[in-house]
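To keep things clear, I will list the structure first and then write my remarks on it.
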2 protein chains.
Amino acid sequence: MNKIDTYTPTECKKFILPVRDVIDLIGGKWRLPIIIALSFKIHRFKELERQIEGITPRMLSKELKELEINGLVNREVFNTMPVSVQYSLTEYGKSLDKVIETMRDWGLTHRNKIISE
Amino acid sequence: MNKIDTYTPTECKKFILPVRDVIDLIGGKWRLPIIIALSFKIHRFKELERQIEGITPRMLSKELKELEINGLVNREVFNTMPVSVQYSLTEYGKSLDKVIETMRDWGLTHRNKIISE
DNA sequence: AATACTACTATACTAAAGTATACTGATATA
DNA sequence: TATATCAGTATACTTTAGTATAGTAGTATT
């Protein structure tokens, strides 16, 4: 990790901010399930609701909105009967994959370590 | 990201678990500040309390305990007057650095993207 | 005419995370 | 004797995150 030269509380906070951003983006209970589902394929609202066990439409709607605002998810409305709304990952959203993979690798090692103790 | 073959809710949850572990480990409001402080140098309790602006001894104590239980932080008591307790990152705790760095890199790009829009 | 589907929203609630404030016991210093 | 330091703990509170349940508008099917 690139070390900080002047280790003041202010420097430290500045260093942490971008990491915090990532945690806030993917950190809720339902963010990862949504992102992983969308990394697999484009989903409609009801499809996501069925795919992600236990999620309520309120949370799904809320989280999709947040992810859209942050540019990770794309929302497209189609004039079918009844209307269909498709959610997909943006290229930017897909770029999170390598971050998630790094976290996953460490997490798997962690799990093995815990189990082997 | 290593894609899942059979995309069932169960498979999906299993895939997410290790990622969730990492988020739970470093995800609270005070975990990163503590880890970063300790990655810089060994700290005593009061040093951490002064270094990390706004933290209460209750939260500091609580989070250090959690980090110790999870093997990221080491606690050593010295029989000085008054007693001193030193907290340091374990080798395992230090291994989180590369994960944090990956997150930070993505987060910095995210910040630049948001600003440039 | 009644029911069902889609994509949500509204309201009220519970649970988890974090804060505020004061306090403890052992020792040292003024 | 009064005050300070260290490393915390105890109790009560607020704030944020997530849940439960019901309802909406528009269209299609039975």
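The values are calculated or read from the model by the stated rules, or taken from the named source; none is laboratory data. A quick note: this is a predicted structure, and the numbers were derived from the prediction, not measured. Every residue, glycine among them, receives a Cβ derived from its backbone with ideal geometry; neighbour counts consider all protein chains shown.
Scan region B:54-67 and tell me whether some residue there is at pLDDT 95 or above and closer than 17 Å to B:VAL99 by Cβ. Yes, some residue in region B:54-67 is at pLDDT 95 or above and closer than 17 Å to B:VAL99 by Cβ. Taking the conditions (1) under 24 Å from A:THR8 (Cα atoms); (2) touching a strand residue (DSSP E or B) at 6+ places or on another chain (Cβ under 7 Å) in turn, B:GLU68 satisfies each one other than (1). Of the candidates B:ARG50, B:ARG104, the single residue that is within 14 Å of DNA strand D (Cβ to nearest atom) and at pLDDT 95 or above is B:ARG50. Only a single criterion out of (1) away from DNA strand C (no atom under 16 Å from the Cβ); (2) at the interface with chain B (Cβ under 9 Å from one of its Cβ atoms) is not satisfied by A:LYS14, namely (2). Filter region B:37-73 for residues that are free of Cβ contacts under 8 Å to residues at least 24 places away in the same chain and hydrophobic (A, V, I, L, M, F, W, C); which is nearest to the other protein chains (Cβ to nearest Cβ)? If we take residues in region B:37-73 being free of Cβ contacts under 8 Å to residues at least 24 places away in the same chain and hydrophobic (A, V, I, L, M, F, W, C), then B:PHE40 is nearest to the other protein chains (Cβ to nearest Cβ).
Among the candidates A:LYS62, A:LYS94, the residue that is under 14 Å from the mean Cα position of the chain (by Cα), among the charged types (D, E, K, R) and within 11 Å of DNA strand D (Cβ to nearest atom) is uniquely A:LYS62. Return only the number of the condition from (1) within 9 Å of DNA strand C (Cβ to nearest atom); (2) in contact with a strand residue (DSSP E or B) (Cβ under 9 Å, 6 or more places away or on another chain); (3) among the charged types (D, E, K, R) that A:LYS62 does not satisfy. Single failed check for A:LYS62: (2).
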